[in-house]
Each structure stands twice: as structure tokens, then as C-alpha cells.
1. Alpha carbon centre of the range 181-217 versus the range 243-260: separation in Å?
2. How high is the relative contact order of the range 2-259? Use alpha-carbon pairs under 8 Å, at least six apart in sequence, and give a whole percent.
3. Could you please state, rounded to a whole Å, how far the C-alpha centre of the range 129-145 is from the C-alpha centre of the range 1-55?
4. Between Phe19 and Thr80, what is the label-point separation in nm under the 7 Å Cα-to-beta-carbon projection?
5. Label Glu180 and Asp39 with points 7 Å out from Cα along Cα→Cβ: what is the distance between them in nm?
6. Among Thr182, Val11, Ile68, pick out the residue whose Cα is farthest towards the positive end of the charge dipole of the chain, where Lys and Arg carry +1 and Asp and Glu carry -1 on C-beta, about the Cα centre.
7. So for the chain: antiparallel DSSP bridges make up what percent, rounded to the nearest 5?
8. Dipole of the range 2-259, Cα-centred, from +1 at each Lys and Arg C-beta and -1 at each Asp and Glu C-beta, to the nearest 20 debye?
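Computed from the coordinates by the stated procedures, all read-outs in this text should not be read as laboratory data. Small disclaimer: the values here were computed from a predicted structure and weren't measured. Here the Cβ positions follow ideal geometry from the backbone for every residue, glycine too, while neighbour counts run over all protein chains shown.
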Amino acid sequence: MQKTTVGSVRVTALIDAHFSFPAKSIYPDVGEPLDQYADLLAGGMHSMICGCSLLQADGLTVLVDTGIGPGDESLIGELTTAGVSPSEIDIVVFTHLHGDHIGWNIDQETGAPMFSNATYWIPRLDWEHYGAQGGESWETLLAPLEAADCVELFDGERELTPSLKLIHTPGHTPGHTSIEITSDGVHALVLGDAVIDEINLNEPDWANRFDWDNTQAAATRHRLIPRLTNSRELIIAAHLGTQGLGHFVQDDHRLRFRNL
């Protein structure tokens, strides 16, 4: 867990889990050029965090994504350490509906929404896309939200609070969304999975197996990366760095995610 502020908005980065994948499975079509990033890997494995974020803005407590769900680590434990109970969350907003972002939606003991007083804001395009597919995750972690009448579907750009604006950053999923924070002249971006790692940061055109539409995802990266590189704009990411808070910076060789 790491805390900072963006103007008057309080930001807490929360870690729900750590996981790793073979880099070649993330970028299966790249081949030998992947070797230039061996320094980012441990024995060919790519390790990353599974992060969420807590935004306390404009009198509301907003949770961005709900992690991968029960395991050795815990979003709920991180919230407790931060001094916030699940019932104190006013809004849960999703960057997208992949499984590692929806895991704590439902209290598995009661079947009720884990964040009992929250409205769950969900990108409509993702809701429709994954709803059409169905499956266990949909039935256990998403459909119960609709039954509980706590879902707010949104399209494109929306104001969440006066300091928080939802922007459509598609490609990783159809409705993938980032969140612009603007407060007292200070700016930050909740990135979601628009950039998943430092390889993705340096090779925005490389297809990775997690993106729904590689062409759209690459276009989104080409739009965001120049804006964020060497700027003062804080990045709040789901899978980058040690806590998910940092900046894109250019060193002598490549772009890096520098931890806050």
C-alpha cells in the first residue's frame, strides 16, 4: 500500500496479489526481439502486481477495480490497513471487466455485493461484450450486481465526480476506461491496463495476448504514452512498478516506469 495526493484528492494504491507469466506467452508472436528485454525478466518470467486504487475525492470514497479475489493477499486487508471498510465505499468503478479486476465484487459467503453501499460503475461495452459470453465469472461476480440493482452503466467520457473524469481508452477490452484526476491544478491518470508492462511501454505496436483488439490497443498507447512521458502527471497503474504509482521517464536506452 502506498499513499499520495493529487491536489485535494487522496490516492491509495492497494495490492491484491502478485503473479507472473512467461514473457513469451504474453508476446507469443515477437520471437527473438523479446530478448532485448531480458533485464526486465527473471528466468524468462514476467512478474507484476495486481493493483487497485482508492480515490477519496469530492466527499466520496471511490474504489477503482476489485482485484483478482480471495487468495494469499487481500484487497480487503489492504483497505482495512488504509482505515476504510467495504461498507464505506461509495462508488466502485471498473477500468474493465477482466477477471483480475472484478474478483472482490461479491461476498462469497453471502452472495451479496461486497461493497454493500456502493454503486458499481461499469463500461457498457464491456458489460455487453462479456455478458454475451457468459461463463462462471459472469454468473458469480457480475450478474449478482445486476440482481442487487447497484449497477450504473456508462459510455465514453463521463464525469464521476468534479475531480474525476472517465475517458474511453479502448483496445485492451471494448470498453476499457481510464480515469483523469484534476484537482487544484494537479493532474494524474488512472491508467488501467492500457499499458501493462515496460515492454508494452517501449513496444506499443507489439501484440500481447491480453488485448482484445491489438490495433485499437496500440492506437490508445500511441495516444497516451507521449502525453505521459517525462510529464509531472502521476500514473496510477494496475500492473506497473512495485505499488502502481509512478511516472513514465526516458533514460539513455528506453522508457521506464519510475516508482513514486
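1. Here the two parts' Cα centres lie 13 Å apart.
2. 18 percent
3. Taking the Cα centre of the range 1-55 as reference, the centre of the range 129-145 is 26 Å away.
4. For the pair Thr80/Phe19, the computed spacing is 2.3 nm.
5. Here the answer is 3.5 nm between the modelled labels.
6. Thr182
7. Working: 44 of 59 bridges.
DSSP beta bridges in the chain are roughly 75 percent antiparallel.
8. Charge dipole of the range 2-259: 720 debye, to the nearest 20.
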